[in-house]
Structures are given as C-alpha cells and as structure tokens.
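The values are calculated or read from the model by the stated rules, or taken from the named source; none is laboratory data. These numbers come from a predicted model, not from an experiment. Cβ: placed from backbone, ideal geometry, glycine included. Neighbour counts: every protein chain shown.
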Amino acid sequence: MNTNKTLSLSIMSGKGGVGKTNIVLNLGYALHNAGMTAMLMDCDLGLANLDVLLGISPERNLQDLLRQGVDAEDVLVSIEDGFDMLPATSGVPELVEMDEDMQDILFKKLVNLAGEYDYLMLDLGAGISSTVLSFAAMTQLRIVVVTPEPTSLTDSYAMIKVLVTQHRIRDFLILVNQATSAAEAKQTFERLAMTCKNFLNITLSSLGYIHQDRTLVESVRRQTPLLKFAPEARASKDINSLARRLMRYREDNRERIVERPILRDFVLM
C-alpha cells in the first residue's frame, strides 16, 4: 500500500442541482486519461447517482460494506483499468445519518484500498447533515461546487461556516459550475470569497470554472460521461484544465499530503 501518494478529496455543495456528481465522474475520467489512478466513492448515501450516470447496476454497494465478511474489494466496480468506483444506494434512510460505529466500520475497510490510488474522490450529498460534514472534515482537501445562482452561494456559505466553526476546517477550493462566461465565474467566486473573508476570516482558493454546456445534458440522457461522449465540448476542455490544476496541486503539496492521513478520524458534532 502506497499511502504516501494518495490525495483524498471531498466534492461537495451547499444545495443540490449544481452538477456535482457529473463533475466528480468526469474529473475522475480526466485524471485517468492523464495517467492517474482514481477511486470514486458515492457518498450521497440516500440518493446515489454515480451508477445511474454510468448506466450500470452494481450487485453490491456501500450498504453491503457494513456487513461482516464483506471487504471494500468485494464492492469495488471497475470503470476502466485504474479507475474504479464504490457505489452507494438510494432509499435507505439509516445511511443518510450514519452513526459513529457505522462510519468507523466503513472507513476502516476503505482506508487500505484507498491508499492504492493517486486520488480518492468522495461525492458527498448536498447540505449540512452530520454525515456530510464528517466526510468533508475527514479528507485532505475540499472542493465546493457552486453556481452563479444566489441560493447556491447562500447555501455554500452556510456549509462552509459550519465546517469552519464546528470542525475547524479552513481550506476550501471553490469550483464555479454552469458559468456563462469567465467574468461571471470570477464574480461568483469573488462574492463568496469576500463574504467568507469578512465573516469567517478565511481565504478561499479558486480551482476554476466550467462553462454551461448543453452537451452535458445529452451525455446524462445517454448515461455516458461527457469526456467520452463529447471530448471536444467546451465543458470537457474546462474539466481537463481542472484536472491539470489538481495534478499540480498534488505535486506542489506532496510533503503536506504525506504528513496527513488519507482519511482522518471522524469528528461528529
């Protein structure tokens, strides 16, 4: 197990409908296409969608992983060589608010497998449930997906505030999705960054933005990742740029990554 190389990411949002799961899947593809290994973990435990976007029906999911005798390798689904997924399930309320014992079982089984990848990407549910916040606090890095809509900014600020005040998290990368222009993306980021600076005394970092692209809607209908369906689409090019930035971040912060565990202990509030 090479735990020194793995960068763990939480991809999260204050509200639903911002395109977070599509970003997770396609960003994973972009990293894979660039020669990286990646494991996606569907942590939207009540409303799983990664398998739907891929058009697959896994035989097992994270609910099975909580059972004795089931290992992470038994649940793992291979998307492509070196690019894998741990699927979740829908309609199981007890998974939405996992207690501490359930979380402990889940991630003790996960941590060894996760160390075999360059990237571990957790697709979190939207909002500020205790499970979402615990997952976000556990990873080495947090990417907050926002759109230019005022409700997205308001809910994202609320989520960041809880993580800052209750979990002492102060580092966030902001990704603006569905931007109509670079100027709109810049304005969206600056509005959120200014609010967080004024009221939380933290400095946000920008990961970049993804253009609004109708091709993405068609790729969802066809249950085919955008980077495979339309690799030359504007949004595909944006996602490839984001992957390159993440790779630079991982290289520039290698010593910091090595010093921190892939998955920290849970802090339930």
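Identify, please: which residue in the range 167-204 is among the polar types (S, T, N, Q) and closer than 15 Å to Gly14 by Cβ and is, among those, nearest to the chain's Cα centre (by Cα)? Among them, the one singled out is Asn177.
Quick check: is even one residue across the range 217-225 at pLDDT 95 or above, among the aliphatic types (A, V, I, L, M) and in a helix (DSSP H, G or I)? Scanning the range 217-225, I find no residue that is at pLDDT 95 or above, among the aliphatic types (A, V, I, L, M) and in a helix (DSSP H, G or I), so the answer is no.
The residue list Val75, Val18 contains one member that is buried (at least 16 other Cβ atoms within 10 Å of the Cβ), over 25 Å from Arg222 (Cβ atoms), touching a strand residue (DSSP E or B) at 6+ places or on another chain (Cβ under 6 Å) and at pLDDT 90 or above, which is Val75.
Could you say whether any residue in the range 134-153 is basic (Lys, Arg) and surrounded by fewer than 22 Cβ atoms within 10 Å (Cβ to Cβ)? Walk me through how you get there before you give the answer.
If we filter the range 134-153 for residues that are basic (Lys, Arg), which is where we start, we get 142.
Narrowing further to those that are surrounded by fewer than 22 Cβ atoms within 10 Å (Cβ to Cβ): none.
Among the residues of the range 134-153, not one is basic (Lys, Arg) and surrounded by fewer than 22 Cβ atoms within 10 Å (Cβ to Cβ), which makes the answer no.
For beta carbons closer than 7 Å, sequence separation of 6+ or different chains, a first residue in the range 206-228 that is within 19 Å of Ala185 (Cβ to Cβ) and a second that is of a type in the set (Asp, Glu) and in a helix (DSSP H, G or I), the qualifying pairs are Tyr209/Asp238; Ile210/Asp238; His211/Asp238. Checked against the criterion of being free of Cβ contacts under 8 Å to residues at least 24 places away in the same chain and at positive phi, the range 98-121 has no qualifying residue.
Set side by side, the residues Ile143, Ile105, Ile160 differ, and just one is modelled with pLDDT of 95 or more, under 27 Å from Ala38 (Cβ atoms) and assigned to a helix (DSSP H, G or I), which is Ile160. I need the full set of residues from the range 230-245 which are buried (at least 17 other Cβ atoms within 10 Å of the Cβ) and among the charged types (D, E, K, R), in order please. Asp238 - this is the single residue of the range 230-245 that is buried (at least 17 other Cβ atoms within 10 Å of the Cβ) and among the charged types (D, E, K, R). Applying the condition of being out of contact with any helix residue (DSSP H, G or I) (no Cβ under 7 Å at 6 or more places or on another chain) and among the polar types (S, T, N, Q) to the range 112-159 and asking which residue is nearest to Leu200 (Cα to Cα) yields Thr154.
Looking only at residues in the range 78-102 that are hydrophobic (A, V, I, L, M, F, W, C) and modelled with pLDDT under 80, which one is farthest from Leu9 (Cα to Cα)?
Step by step, filter the range 78-102, then rank; the result is Val92.
Residue count for the range 190-205 satisfying the condition of being touching a residue at least 24 places away in the same chain (Cβ under 8 Å) and of a type outside the set (Lys, Arg): 8. Each residue in the range 185-216 was checked for being among the polar types (S, T, N, Q), outside any strand (DSSP E or B) and buried (at least 16 other Cβ atoms within 10 Å of the Cβ), and 3 of them qualify.
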